[in-house]
1. Under the 0.36 nm per residue contour assumption, what length would be gained going from the current alpha-carbon distance of A:Ala61 and A:Ala160 to full extension?
2. Label 7 Å along Cα→Cβ of B:Thr135; segment B:185-217 residues with amide nitrogen under 17 Å?
3. Using 1/(1 + (r/R0)^6) with R0 = 22 angstrom and r between the beta carbons of A:Glu209 and B:Arg171, what's the FRET efficiency to the nearest 0.05?
4. Would you look at the GNM of chain A, springs on alpha carbons closer than 10 Å, and say which of A:Ser191, A:Ser245, A:Ser31 moves the most?
5. Which part of segment A:9-53 falls in the paramagnetic zone of A:Asn138, meaning amide N under 18 Å from the point 7 Å along Cα-to-beta-carbon?
6. For segment A:135-150 and segment A:186-246, write down the distance between their C-alpha centroids in whole Å.
7. Residues with beta-carbon under 11 Å from that of A:Ala64, excluding A:Ala64: net charge, scoring Lys, Arg +1 and Asp, Glu -1?
8. Specify the longest stretch of chain B that does not include any exposed loop site, a site being one of the GluC sites (Glu not before Pro) with a non-H, G, I, E, B DSSP assignment and at most 11 other Cβ atoms within 10 Å.
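Each value in this text was obtained by applying a stated rule to the coordinates, not by laboratory testing. Given the structure is predicted, the values throughout are model-derived calculations rather than measurements. Positions of Cβ are generated from backbone atoms using ideal geometry, with glycine treated the same way; all protein chains shown enter the neighbour counts.
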Amino acid sequence: MSRRIDAHTHVFARATAEFPREVTPQFPADSEAPVEGLLAAMEASDIDQAVLVQLGGGEVANHAYLRRCLAEHPGRFLGIGLIPDDCDDADAHMRGLCEGSGIVGFRLRALGGPTDPFEDVNRDTVATWPIWECAARNDYVLWLYVEAAEAHLLPYMVEAFPGVRVVLNHLGICPGRGRFSIDDNGRPHISVPSYNPAMHTSWRLAQYENVSVLLSGQYAFSREPYPYRDIAGWHGALSGSFGSSRLMWASDYPWIADDPGYAATAGTLTELLPGIGEADRARLMGESAAQILRFPPAAE
Amino acid sequence: MREPNATNADATALPRTPTPDEMRRWDRDGIVALPGALGGAELARLQKAFDHWAAECKHGWLERVAAGDVAGTYYDIPDPLAKDTAFVDLVDHPSYYGRLLRFTDGELLFLAAQVRTVPVWPLAYCAWHPDVGRTNPLHIKVQIYVDDVPPHGGEFAFVPGSHREAPGLRRRPLLTDAMPGCQTFPGRAGDAVVFNAYGWHTPMQNRTDVPRKSIILIYERATEARRNPEQYAHIAGSLSPSRRRLLGVEA
């Protein structure tokens, strides 16, 4: 069986001096999602490897638990870091975090350009330009989950940096301002209208070979319980435009750990893309991630 | 459509019903271009109304974009028929109304108007697509350029004959300009194109620095299932009896 990779998960420790992190109402100091829980869930579902995406702040110190997990499980995980909003030397921050750590890229929630689509876009004045430059120089991946107001800026940056691997998070949805809430299970919920604006914004990036998309986050967008059939059409559209070699399944652990559970989440695409062949399914479930993110051979 | 360097003086009065050549092209290609469908004072009135309401409604649109309710890659003036008679007068304009009646054997239903500005963007704001399958009643669109739309200016494009192709025969290309057999329709302000929306169509990429302004009118062969008396009930009082029927307010 080919490698199976979960392309987007989160683990975090209780906030301590050893593992400092931001404390918020959603992430109180005593909350945790330890890596052991993820490993057990992966094992039970035959998932070989995973991407750990930093939560809990962008400062270097906030990455302590992520770096510990990467160091203790070599070959099992790759990491995606964060950059503080007020970082005045993105290059040093990014290179410092990536050096020998297993962190291969950075997640951005904002691009920092004009939000009026009728305004001229001068790419090199977009606030994250230095981050893109650093990513291009060092072959880092950019993991994008930008707000709807900035969705129109995406192709300007992608086009300016054709060598930067760009991964659109969570079905390519760009969440709207004021549309974020916390559901009864304490996890993110994003209200998306039945008309999906991604179709006319982020999904249009399919023509750029350096852009891929995570098939994840269904629980946050669907109006139905698992298996979220109301958004099956989104998966079909993404499959048709990006193709299986540029789509990656991901669980968004730990938000799915209880509802619907990790094993059920690993079967989401069987439910939502029932017509695809075995080769395509193997790509969605790991081969694409292995190639796009250059995962090392799976650890024994 | 006319060459972009033509002038409004070039516009000719169009016959009110399709010519035999237009009927042939409609059947064979699924598309008929109508250069100079609007011109003179009528076009100026439309341009003025378009610009006024586009400016008036823009703030609300930006808020909806930020909220993720609409895409930021095209901008439609909401409920245009309630805003200005210049838009209402398009629904049965003589330059194309007789053709639409002929194409639908007199059973015409107006569905919607999209008064649309497309900002400059590196990509076409949507991909090649047919609007509906052929099990749907005949679905027709009229696209009118409000300002000049030069080549590579986000002009309309269509695959002649694709309205007759078997479903599933044609695949959507990743690159907008890589569709086999496509024809683009740059044109002058006031030019229009009528097309069968079973056929594959798209806007092209806009490589200029000028947003594209156009109006897309959507019609269908009338069926009771599609008629929605409520949709335009709020403007029914300002409509003539024939327009009330056309808009489905009255049977």
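1. Working: separation 99, 0.36 × 99 = 35.64 nm, distance 3.15 nm.
Full-extension gain reported as 32.5 nm.
2. B:198
3. Using R0 = 22 Å, I get an efficiency of 0.80.
4. Highest fluctuation among the options: A:Ser31.
5. The answer is A:52-53.
6. 18
7. +1
8. Values: sites that count: B:Glu224, B:Glu230.
Result for the longest clean stretch: B:1-223.
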